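None of the figures in this text is laboratory data; all of them are computed from the coordinates on show. Everything quoted here is computed from the prediction, not taken from an experiment. Here the Cβ positions follow ideal geometry from the backbone for every residue, glycine too, while neighbour counts run over all protein chains shown.
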Amino acid sequence: MHRVGSTGNANNSTRPRKEKRLTYVLNDSDDTKHCAGINCLALLTPTIPDGSDYLFTGSRDGRLKRWALAEDVATCSATFESHVDWVNDAVLVGDNTLVSCSSDTTLKTWNALSTGTCVRTHRQHTDYVTCLAAAGKNGNIVASGGLGGEVFMWDIEAALAPVSKCNDATVDESSNGIHGSANSLPSTNLRNISSSNSISLHTTQTQGYIPIAAKGHKESVYALAMNEGGTILASGGTEKVVRLWDTRSGSKKLKLKGHTDNIRALLLDSTGRFCLSGSSDSMIRLWDIGQQRCVHSYAVHTDSVWALASTPTFSHVYSGGRDFSLYLTDLQTRESSLLCTGEHPILQLALDNDSIWVASTDSSVHRWPAEGCNPQKIFQRGNSFLAGNLSFSRARVSLEGSTPVPIYKEPTLTIRGTPGIVQHEVLNNKRHVLTKDTSGSVKLWEITKGVVVEDYGKVSFKEKKEELFEMVSVPAWFTVDTRLGSLSVHLDTPQCFSAEMYSVDLNIIGKPEDDKVNLGRETLKGLLTHWLRKRKQRNGSPAPANGELSVKDVASRSLIHSRAEVDVSSENDAMVYPPFEFSVVSSPSIVTEGTHGGPWRKKITDLDGTEDEKDFPWWCLDCILNNRLPPRENTKCSFYLHPCEGSPVQILTQGKLSAPRILRIHKVINYVVEKMVLDKPLDNLHADGNFASGLAGSQSQLQAVGDGSFRSGSGFKPWQKLRPSIEVLCNNQVLSPDMSLATVRAYIWKKSDDLVLNYRVVQGR
């Protein structure tokens, strides 16, 4: 299992975070498609005549989708979005209830025929949940297994039963895992999240449903299977043994030894007498549970076996795995045929009458012919072989070049996904990210708008990165990963408020050129503008409704937590500027958590205004509602300004100077010119050596410094209107007037000491 740092898996985080993180996931323009590998499949057949068949897919992009199946087409009819990490497995139980599990440590129950409604979130596991199993006839029993050897048996009907709310509750109850929505179910809880983000299990539970724990695995569980009656559970994992459990009590029945590597797939027949297992040792084994022994082993694959599916009579098995190949094997005669070979490792199979759906590490799902009702038809085509009983036998045949020929060349139907992002580079301007996807296509994203601004096609990623290099220095105000197949942009306080730009550099029309714009704050405004509008509509008045966020509460909390600073320049500025307007067509999704309920994920356009401090980090709301930013690292740059050696021109300065890091060199040139030209230079420095506001560019009496123009009229002599030409140097290198102090320090000065700038008059200009 691929282990990644996860917003939703705080107990596995590589570093402690005092404050909750806000992440936004940028979605593809065609949001009906998956953008990462498909980990699981589930089929729902109609109970009424002429009803639609549905296929459910769960992906490493963190979402599930429902596909309405027709003869030659599959249409996405719903997206189920609430998990904050990979969806690892999904099963259908009871009356159209979909149960999913994820690397975010949760199980979620959904109304399978809804538009994507999450009924409840169950938080019993403390690590990634890797697999599920459901009973065929006893439709309420579901088992879950995960890393750390945790296995639980759930009665879904009991788990979903309304219970009174309690302070210890750990089951979230709304459509997105967010507490406080109007029509949400009551909640119960099986764990709490402490302020340090560590997970602690309660030793005493007085209210709420608690699943049965099957205790015995010492290592991680990767496969589960249950018989139709839901009385027997089989489990397997890195211990290399198959364990059998009584689901009613959680007690161990027996264990079956024989595999030499991780067990990745399990099947039980309807009676619970026979068990099939697939392993990373490349073998498939058939076990007689009554005799407690392996009765057959099948050497079909040349690499790990990751997926199994059997015919209804348990006479034949379909298998797939790391060798990209799908095989059909007769369990009695050992005859085997290669049905097809793909381009990606196979992760799961779902038999659908005479077809079989194949999920892989690719974002597309394929349907292949399978003859599930009469598999002997496939063997009649020839090209079959007898499966050996030693793992190296198939490997030896493969090396000798006599690999079987696939029976089918093309699938009968493909549900296309979009290529997932596999490589990325944050550019120096800290607004653009260069990406490369699985198809080799290179694109440039503007992360403050969530859109692709350039699609370069299939070009060299390295060469394009070098071509786009800019010598600019902007603080790293966000981090990025692509574990979900798309760009996940992480905002952590106070780092996310560390970057500023002048409005002129962002091409913001109607705003004074030298106004400073905080990139983190404006990005948050763009993300939450829909939420803010909905919230105001719901409130209808300044007074917060019952359960709604009180601005005063957030303000008082922020003052308790830190010496927060009000962003005076942007106070009461609710406008979202064009560089921060996110698309409403392919809007990003937010992944975050507040004080209750754990992490959640939802599209920004689906936020309904009820979300409050229980759902959002307090610092995020404090910024949006109060224009309040937390204390940040020093945004100033200290430097010395001296004449070049041998220069006859000198100006009076007061030692060390200080100015905003984003200040351009042309402002320093203006400062020098002013000192040289004016009869009686204005005091342009604060007592502490800081540049006055005029140099920073705001509209003050020192307009000459702000825009380079000089006032005419009384008090000026004719020679003073002749502007000398000045160059500013650092380390004997002439600086471009467009460079910022931060850029000079990072790329020219390259020292930890205070920056030293030199100036000189350019003769002959």
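Miscellaneous remarks
- J(HN,Hα) series, the range 338-350, from Karplus relation 6.51 cos²θ - 1.76 cosθ + 1.60, nearest Hz, glycine and proline x: 7, 6, 6, 10, x, 10, 9, x, 8, 9, 7, 10, 9
- R0 of 60 Å, Cβ-Cβ distance GLN763-VAL452: FRET efficiency to nearest 0.05: 0.75
- Overall form of the range 265-312 per C-alpha gyration tensor (a/c, 1.5; a/b vs b/c): oblate
- Compared with the alpha-carbon gap, the fully stretched path from SER114 to SER29 is longer by 28.3 nm at 0.36 nm per residue.
- FRET efficiency, 1/(1 + (r/R0)^6) with R0 30 Å, evaluated for THR45 and ARG248 via beta carbons: 0.60
- Under the simplified labelling scheme, the LYS18-VAL504 pair shows an inter-label distance of 3.8 nm, with each label point 7 Å from Cα along Cα→Cβ.
- Restricting the range 296-393 to GluC sites (Glu not before Pro) in coil, as DSSP defines it, with at most 13 other Cβ within 10 Å: GLU343
- Surrounding net charge for GLY526, when Lys and Arg each add one and Asp and Glu each subtract one, Cβ distance under 12 Å: 0
- Cα pair distances exceeding 17 angstrom across the range 61-114, given as percent: 39
- Set of lysines near LYS536 by C-alpha distance (under 23 Å), chain-local residues within fewer than 8 positions excluded: LYS525, LYS552, LYS602, LYS603, LYS614
- For the range 299-432: rounded, prolate or oblate by the Cα gyration tensor [a/c cutoff 1.5]: prolate
- Computed lengthening from LEU386 to ASP738, 0.36 nm per intervening residue step minus Cα-Cα distance: 119.4 nm
- Cα gyration tensor shape of the range 574-630, rounded if a/c is under 1.5, else prolate or oblate by comparing a/b with b/c: oblate
- Highest to lowest packing among 237-248, 435-446, scored as the average C-beta count within 10 Å: 237-248, 435-446
- Separation in nanometres of the label points that stand 7 Å from Cα toward Cβ, at SER638 and SER52: 6.7
- Rounded Å value of the spacing that divides the Cα centres of the range 21-57 and the range 286-322: 28
- Residues whose amide H lies under 5 Å from that of LYS603, counting only those 5 or more places away or on a different chain, are ILE590; hydrogens are built 1.01 Å from N in the peptide plane.
- Separation of alpha-carbon centers, the range 336-397 and the range 423-480, rounded to whole Å: 40
- 3J(HN,Hα) along the range 746-756: 6, 10, 10, 6, 6, 9, 7, 5, 4, 5, 10 Hz, from the Karplus curve 6.51 cos²θ - 1.76 cosθ + 1.60 with θ = phi - 60°, whole Hz, x for Gly and Pro.
- Beyond 23 Å in Cα-Cα separation lie the following of the pairs LYS108/LYS253; LYS33/LYS458; LYS449/LYS511: LYS108/LYS253.
- Proxy reagent accessibility, fewest Cβ within 10 Å first, across ARG120, ARG381, ARG601: ARG381, ARG120, ARG601
- The phi-based Karplus calculation (6.51 cos²θ - 1.76 cosθ + 1.60; θ = phi - 60°) puts the 3J(HN,Hα) values of the range 446-453 at 9, 6, 7, 10, x, 10, 7, 9 Hz, whole numbers, x for Gly and Pro.
- Label-point separation, SER647 to ALA158 (7 Å along Cα→Cβ), nm: 8.2
- Segment ARG273..GLU470, full-extension length gain: 64.2 nm, with 0.36 nm per residue of separation and the alpha-carbon distance subtracted.
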